[in-house]
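Engineer: Provided herewith is a single structure, encoded as structure tokens, for subsequent inquiry.
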Amino acid sequence: MNLSPGKTTLTKAVVAGMLISMVSGCGGGGDSSSPTPTPPSPPPTSTPTPTADTTPDVFSFGDSPDAFTSELVASGAVTVLSIDDGASVSVNGGEFSIDGGAFLSDSATINAGQKVQVRVMSSADSLGESTATLTVGDFSTDFTVITNDIAGRTEAESAINADGLTTSSIANSSGGEVVSLTDSSDVVSLIAPREGKLISIRYRSDNEENLNIIVNGSTVGTVTLLQTNDLFQTAELFVPIAEGSTIDIALNSAAQGAVTLDYIDVMDDLSATTIARNMGYGFNLGQMFESDQHAPTLENAKPKIDAYYAAGFRNIRIPVTWTEDIDGSSLADKTTGVIDMTHPRLAELIKVVEYALSLKGMHVVVNMHHESTLKAEDNFAVLENVWDGISSIFVNHSHRLLFEVLNEPHQGPNDEPMAAASVRRMTGLAYDKIRALNPERIIIIGGDQWFGAAEMARTWPDLSLVGKGNDAYIMSTFHHYSPWEFNGEANKTYLWDESTITSDMATQEDWVTSIGNDMPVYIGEWGNSWNQYLQTANCNNIRSWYDNFADNYADARAIETPTAVWDDGGWFMIWDHNTNDWNNSLYQCITGTCMPESFERLNAACTDTN
């Protein structure tokens, strides 16, 4: 179709205008002086919210054995680390408390650095277990309470009481009530619920008193009670008891104050093997009564004892120097071995021993420690007199108190071993003094130098001087610091393995099964000197050693092998006496676990030196 020139011109003008308009609307066009438009900014990118860290460092409470039936038992408090604030915390089967607050059963939140503990009601059954599971964030751990053996127990308030005896409710008693004896006519009677080898009585007494034990109408012995004041103690009489026997417990003097009876227990055994099985994990009250590093007082020792006990430890070894001066005086005369019964340090030692024994199931080891002059001069008469005195001081204390004759008998400037014959003679003399007063007290014997496991074979070719192999109340000991370059010196990156831990245990067992009459083994010292060389105890190579040593290896031995970690509050520190609190979590490694399933063994803390 032909268009007229006028229509053609109009159409081009309209099109041109439309194009100009379109270009201008897109930001183009205009002369060269116009600014160049910038493209629009991309839409803002949202910052993702960081994921909350709800996985704390691994921690554990340790089990609590020796509980009374149907009692509330609280764990020790542990510090929760490496989580973001506001992490959830909950419990199944019990209650929890944060920083000493009220115990809760409902969920709550916890912050990093706060302390948490768990409480659970113990079983109503003998040797029963109750478990509470605490969950912090996505980590869970158990606290298990185990009741003691009550198959042979008679609560004093449930016994056949004579008219006029007073029954009262009292805290920390087995059945919640106790019976008071106040004069010589007061008698508690019961029927033996099982056959046994001894009678154990849990009591409190305002004064030293005696109780007659009468079985089927015949007096079979007397137990002497300590003046315990507010502490409960136990006293034992080793005498065969037939099931169904009538047992009368009679006060045989007019008491100046009340004797309070909690329960009477007919027990099967308290041999060295049984005691060792019950001792479990332990610790040393190091550098207190054998040194001037820490004040030798109950006030100073009690927080440490309480904390270890709450964490499940059931033996405490108390190193004691008797014949060498500490702070200018000695407990015993260096030339005669006669103990100064009025020495204030001795009074505090007795308080510490009695306090520890008042804790249910706690065992106490007292020894002679250092004694350099006695060892260098082979002064057996001094040692004999010291043990005569120690035996007299503690003659009426519970058989959960054990005696270790002489710690690490190296001598001279080069720490040479003492002659094996001298060790045997000294030990034999101490044995005789102890046995003269107490035939069933557990006596611990060791080697001739550093208490290394290999020393037993050369020191003890036979047991002729300590019961001739017929004494069921003997225990052997050794100390495990091998390899020394790792545990005592600076090489904290030493790559140990299972055999590094177990070889010394096997060496001690070889002697035990060939010469030692299958007596139990007490590893009275072990640990690592981390604080001498490193900034913290966070080296995983060390923590894993603590995590495995007792729980995985000592416990697994065929021979009963209780342990006591060396905690001196210094180079081997676990408990800090300056803060009266844990310095680190190595104690958790011992009784439970402190390591995740996977970890860097030689982490930075292993080379972060002082």
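Engineer: For the range 470-503, which positions are charged (D, E, K, R) and either surrounded by 16 or more Cβ atoms within 10 Å (Cβ to Cβ) or under 18 Å from Trp571 (Cα atoms) (or both)?
Structural biologist: Scanning the range 470-503 gives Asp471, Glu485, Glu489, Lys492.
Engineer: Checking the conditions here, which among Ala159, Ala132 is over 30 Å from Phe313 (Cα atoms), among the aliphatic types (A, V, I, L, M) and buried (at least 20 other Cβ atoms within 10 Å of the Cβ)?
Structural biologist: Values: Ala132 fails: over 30 Å from Phe313 (Cα atoms).
Within the list Ala159, Ala132, the selection yields Ala159.
Engineer: Moving on. Of the residues in the range 182-228, how many are of a type in the set (Val, Ile, Thr), surrounded by fewer than 16 Cβ atoms within 10 Å (Cβ to Cβ) and in contact (Cβ under 8 Å) with a residue 60 or more places away in the chain?
Structural biologist: Total satisfying the criteria: 1.
Engineer: Separate question: Quick check on my filter: what residues within the range 359-384 are surrounded by fewer than 22 Cβ atoms within 10 Å (Cβ to Cβ), more than 22 Å from Tyr522 (Cα to Cα) and not β-branched (Val, Ile, Thr)?
Structural biologist: Across the range 359-384, the qualifying residues are Ser372, Ala376, Glu377, Asp378, Asn379, Phe380, Ala381, Glu384.
Engineer: Okay, moving on. Among the residues of the range 278-304, how many are part of a loop (DSSP other than H, G, I, E, B), hydrophobic (A, V, I, L, M, F, W, C) and surrounded by fewer than 22 Cβ atoms within 10 Å (Cβ to Cβ)?
Structural biologist: The total comes to 1.
Engineer: Report the residue count in the range 583-610 for those that are in contact with an Asp or Glu (Cβ under 7 Å, 6 or more places away or on another chain) and not polar (S, T, N, Q).
Structural biologist: The qualifying residues number 4.
Engineer: Additional query: Could you grab me the full set of residues in the range 526-571 that are of a type in the set (Ser, Thr, Tyr) and either assigned to a helix (DSSP H, G or I) or surrounded by 22 or more Cβ atoms within 10 Å (Cβ to Cβ) (or both)?
Structural biologist: Within the range 526-571, the subset of a type in the set (Ser, Thr, Tyr) is 529, 533, 536, 544, 546, 553, 561, 563.
Hits for the range 526-571 are Ser529, Tyr533, Ser544, Tyr546, Tyr553, Thr561, Thr563.
Engineer: Tally up the residues in the range 351-377 that are of a type outside the set (A, V, I, L, M, F, W, C) and either more than 13 Å from Thr323 (Cα to Cα) or in a strand (DSSP E or B) (or both), please.
Structural biologist: Of the residues in that region, 8 qualify.
Engineer: Would you check which residues across the range 572-600 are assigned to a loop (DSSP other than H, G, I, E, B) and surrounded by 15 or more Cβ atoms within 10 Å (Cβ to Cβ) and list them?
Structural biologist: If the condition is that a residue be assigned to a loop (DSSP other than H, G, I, E, B) and surrounded by 15 or more Cβ atoms within 10 Å (Cβ to Cβ), then Phe572, Met573, Ile574, His577, Asn583, Asn584, Ser585, Gly592, Thr593, Cys594, Met595 are the ones that fit.
Engineer: As an exercise: evaluate Leu231 against (1) over 30 Å from Ser168 (Cα atoms); (2) not in a strand (DSSP E or B); (3) not aromatic (Phe, Trp, Tyr) and give the number of the one condition it does not meet.
Structural biologist: With respect to (1) over 30 Å from Ser168 (Cα atoms); (2) not in a strand (DSSP E or B); (3) not aromatic (Phe, Trp, Tyr), Leu231 is out only on (1).
Engineer: Would you check which residues across the range 534-556 are under 16 Å from Pro596 (Cα atoms) and of a type in the set (Val, Ile, Thr) and list them?
Structural biologist: Ile542
Engineer: Give me the pairs, please: first residue somewhere in the range 429-454 and under 14 Å from Tyr473 (Cα atoms) and in contact (Cβ under 8 Å) with a residue 60 or more places away in the chain, second residue anywhere and of a type in the set (Asp, Glu) and crowded, with 21+ Cβ neighbours inside 10 Å, beta-carbon distance under 6 Å, and either six or more positions apart or on two chains.
Structural biologist: Taking only residues 6 or more apart or on different chains, the pairs are Ile444/Glu404.
Engineer: Sticking with this structure for a sec: Select, from Ile247, Ile275, Ile241, Ile264, the only residue that is surrounded by 20 or more Cβ atoms within 10 Å (Cβ to Cβ), among the β-branched types (Val, Ile, Thr) and touching a Gly at 6+ places or on another chain (Cβ under 7 Å). Full working, then the answer.
Structural biologist: Details: Ile247 fails: touching a Gly at 6+ places or on another chain (Cβ under 7 Å); Ile275 fails: touching a Gly at 6+ places or on another chain (Cβ under 7 Å); Ile264 fails: touching a Gly at 6+ places or on another chain (Cβ under 7 Å).
Ile241 is the lone residue from the list that is surrounded by 20 or more Cβ atoms within 10 Å (Cβ to Cβ), among the β-branched types (Val, Ile, Thr) and touching a Gly at 6+ places or on another chain (Cβ under 7 Å).
Engineer: Starting from the range 115-142, keep only residues that are free of Cβ contacts under 8 Å to residues at least 12 places away in the same chain and within 22 Å of Asp57 (Cβ to Cβ), then list their pairs with residues that are β-branched (Val, Ile, Thr) and part of a strand (DSSP E or B) whose Cβ atoms are within a distance under 6 Å, requiring at least 6 positions of separation or different chains.
Structural biologist: Close Cβ pairs satisfying both conditions: Ser140/Thr133.
Residues checked against (1) within 28 Å of the chain's Cα centre (by Cα); (2) part of a helix (DSSP H, G or I); (3) in the same structural domain as Met279 (by the TED database); (4) not small (Gly, Ala, Ser):
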position	(1), (2), (3), (4)
Ala381	no, yes, yes, no
Glu384	no, yes, yes, yes
Ser391	yes, yes, yes, no
His399	yes, no, yes, yes
Phe403	yes, no, yes, yes
Pro413	no, no, yes, yes
Arg424	no, yes, yes, yes
Lys433	no, yes, yes, yes
Pro439	no, no, yes, yes
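The values are calculated or read from the model by the stated rules, or taken from the named source; none is laboratory data. Note that the structure is a prediction, hence the values are computed from the model and not measured. All Cβ positions, glycine included, derive from the backbone under ideal geometry; neighbour counts span all protein chains shown.
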